1. Ranked highest first by the average count of other Cβ atoms within 10 Å around their residues, in what order do 176-183, 188-195 fall?
2. For a quick check: sort L131, L158 by the number of other beta carbons within 10 angstrom, fewest at the front.
3. Go through 141-149, 96-104 and give me the packing order, highest mean Cβ count within 10 Å leading.
4. Specify whether the C-alpha gyration tensor of the range 61-209 places it in the rounded, prolate or oblate class, a ≥ b ≥ c being the square roots of the eigenvalues: rounded for a/c under 1.5, otherwise prolate if a/b is larger than b/c and oblate if not.
5. Using the count of nearby Cβ atoms within 10 Å as a rough guide to exposure, how do M76, M110, M138 rank from fewest to most?
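Nothing in this text is a laboratory measurement; each read-out follows from the coordinates by a stated rule. All figures in this text were calculated on a predicted structure; none of them were measured in a lab. Here the Cβ is made from the backbone with ideal geometry for all residues, glycine too, and neighbour counts use every protein chain on show.
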Amino acid sequence: MPRKAEAKKAEAKKIDVAAKVLETAMKLAAEGRWRDLSLAEIADAAKLPLAKIYPVYPSKQAILSALFRQIDAAVMETEDAAAGEGSARDRLFDVLMRRFDALGPYREAMANIIGAQMRDPLAAACGFARLGRSMACMLEAAGLSTSGLRGALRIKALSAAYLATLRVWLSDESPDMAPTMATLDRHLGRLDSLAKCLSRLQYRRPGFA
C-alpha cells in the first residue's frame, strides 16, 4: 500500500508539472516569445528546475503535442449527444466549433506559434503531423471512419478546411464567432459537395459520410 500511495503521489506531481509548464509556455507564446524560446527559459518562468521539465517535455514540440491532445480530449468531453443525430456535415461543424471554443484561451499564443512555425520548415512539418492526428480524432468524434484510403482523404480534406477556417478564427473578435462559423460552414459545404460528386461517380453513396 505505501508503494502504491507513493506512485500515485509521484504521478500527481508529474501531472502538476506538465500542466504548469504547458500553461507557462502558452503564456510566453502569447507574449510573442516562441521561435527563440528555450526550455530553460520556460523552466525559469515556471519556477521549476529544468531537470523536472525535461522528462515530461523534452522539447517545445512535445509541449505543443500535449496541448493538441488536451484540446482533442476537451472536444470529446463536451460531446453533444443531440448533435450526433445530424448529417455528417452538421456533426463535423459541431465538432470543429467545439474545438475552436477549447482553443479560445490560447488564441494569441496560437497566432504567434503558427507564425513562428511557418518560418521553420522542421517545426512546420511537425505541426502538420499533429494537425493530421487531431483531424483524424475530430472525424472519429463526428462518427466518420479514418481507415483506409478514404479515411486518409477525409483527414487531408478536413485539415485543409480547418486551416482555412483557423485563419479567420485567429482574428475573429465577434461575440458570436459568426465569421468563423460562416467560413467553416462554407468549406464543409464544399467538401460535402465534392464527396457527393465522388460518391455518384465511384461509390454511389451520398454525402461526406
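1. Order by mean packing, descending: 188-195, 176-183.
2. L131, L158
3. 96-104, 141-149
4. Since a/c reaches 1.5 and a/b is larger than b/c, the shape of the range 61-209 is classed as prolate.
5. Fewest-to-most ranking of M76, M110, M138: M76, M110, M138.
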